[in-house]
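Just so it is clear, none of the values below were taken in a lab; they were calculated from the coordinates. What you are looking at is a predicted structure, and each value in this text was computed from that prediction instead of being measured. Backbone-built Cβ (ideal geometry, glycine too); neighbour counts: all protein chains shown.
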Amino acid sequence: MPSNKRILFAITDLEVGGVPLHLLRLARSLKRQDWHVDVVSLIAGGEVEARLREDGISVHTCDAGSAIDWRVIERLAQIIETRKPDVVHSMLFHANLACRLACLLNGFPRSRLICEIQTVEIERHWHLWVDRILYRLSRVTVCNSNSVRDHLHRRAGIPMNRLNVIAGGVDVDSIANAKPHDTNQWRRRDGEALLLWVGRMDPIKGLDTLIDAIAFVSKKRAVQLLLIGDGPEYASIEARVIAQSLQQSVHFLGVRSDVDRLMRSADLFVFPSRTEGMPNALLEAMAGKLPIVATDVPGCRDLVAQGNTGRLVKVNDPQALANAIDTALNDKVTTEAMSANAWHYVSQHHSATACHQAYASLYESAAL
């Protein structure tokens, strides 16, 4: 591919989260392959924006004032017209909607617009209705798992030949070889298990279920839970921790740049989401050889095979989650075998190199 090929990514926001971090890694990979990369965020600001700029990647904003600020469509159309990309790739619902309409407005070929959806939507059914109507305005919709593809085909009516699965990938070797932290800063006594959760604090992540489960577990054994991330549910979860008198057992560590080291430091990764797509945090836990307890929902079950690469439990069931945590900590031989299987699986099927090459091939076909 000639070095003058240009790609423009569009995303709803650049706060720390699974999709913005996915965009960051993909943009870095393409820049190394001599693509010229521009990124447009509908909303200004965010830590990922700062990281992109540090890497010399141009970032633009549409300065959206709200989720229904229709002025962003004209602004986005102008940016596309000015930057003249060979390919436009949008991520997240609002960016997908804005890009489809902006490209229609300025005449950018729909054959060179790629949209991406990374979750099985269960909260906003009208998103699926919009996708049902507008999917024709883009070349293809990329899904990060078979669960997302099947959901969009079944619920949004998008034909299978307009859906392309590119599974998420992580730098397996880097995570597996990360240096663990000294965990004495969190363990209050010898023998305490250290549990880890990573993600955006959003209702779909099931953190309320996790806190209730920790209350059950704490009646049997001493555990410490590290919560990594931020988001709209932070205050609610903090209040739930206080209500359950778990202030000495639950630690809010905020957004961290050393997630790989934390993955290598904990005893168990707990992931109680209500829905997912292809959760990067779960991939990182598998790459870090960290045992897993997760909910049996789309996205999680794409990665975790019950009894083989981890343990799956019923969603929204704190007691079931607590029981699985307790079992995982008690049966260390089986748990370690599962984590070894998980590492082997992610090594074979979810490398960052293979993931990014699949995107590059898609862009090359769209840019022809």
Based on other C-beta atoms within 10 Å, arrange 130, 16, 72 from fewest to most.
130, 16, 72
Candidate lysines for bridging to residue 31, where Cα separation is under 27 Å - those fewer than 8 sequence places away on the same chain excluded
5, 84
Vicinal HN-Hα couplings computed from phi for the stretch 32-48 (Karplus, 6.51 cos²θ - 1.76 cosθ + 1.60; Hz; Gly/Pro x)
5, 8, 6, 6, 8, 10, 10, 10, 10, 10, 5, 10, 6, x, x, 5, 5
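Counting other C-beta atoms within 10 Å, and keeping those with at most 13, which DSSP coil trypsin sites (Lys or Arg not before Pro) do you find in the stretch 290-368?
Within the stretch 290-368, the qualifying trypsin sites (Lys or Arg not before Pro) (loop, at most 13 other Cβ atoms within 10 Å) are 314.
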Helix-derived mean residue ellipticity, 222 nm - over the chain, DSSP H n ≥ 4, -39500 (n - 2.57), to 500
-13000 deg cm²/dmol
Straight-distance crosslink candidates among lysines, where the alpha carbon sits under 18 Å from residue 314 and sequence neighbours closer than 8 are dropped
205
When 201, 160 are arranged by how many other beta-carbons sit within 10 Å of their Cβ, fewest first, they go 160, 201
At R0 = 35 Å, how high is the FRET efficiency between residue 70 and residue 344 if r is their beta carbon distance? Nearest 0.05 is fine.
0.10
Can you list the aspartates and glutamates whose alpha carbon sits under 17 Å from that of residue 179, skipping same-chain ones fewer than 8 residues off?
171, 258, 260, 267, 284
Taking amide hydrogens as modeled 1.01 Å from N in the peptide plane, which residues meet the under 5 Å criterion relative to residue 89, leaving out close sequence neighbours?
8, 9, 10, 114
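Would you order 165, 59 from fewest to most other beta-carbon atoms within 10 Å of each residue's own beta-carbon? Present the calculation step by step, with values, prior to reporting the outcome.
Values: 165 15, 59 20.
Starting with the residue having the fewest Cβ neighbours, the order is 165, 59.
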Once you have the Cα-Cα distance between residue 305 and residue 332, take 0.36 nm times their residue separation minus that, and quote the gain in nm to one decimal.
7.9 nm
I want to check the label-to-label distance for residue 122 and residue 55. Put each point 7 Å from Cα in the C-beta direction and report it in nm to one decimal.
3.1 nm
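Nearest 0.05, what FRET efficiency do residue 34 and residue 257 give at R0 = 35 Å with Cβ-Cβ as r? Spell out each step's value before the answer.
Details: r = 27 Å, r/R0 = 0.78.
The formula returns an efficiency of 0.80 here.
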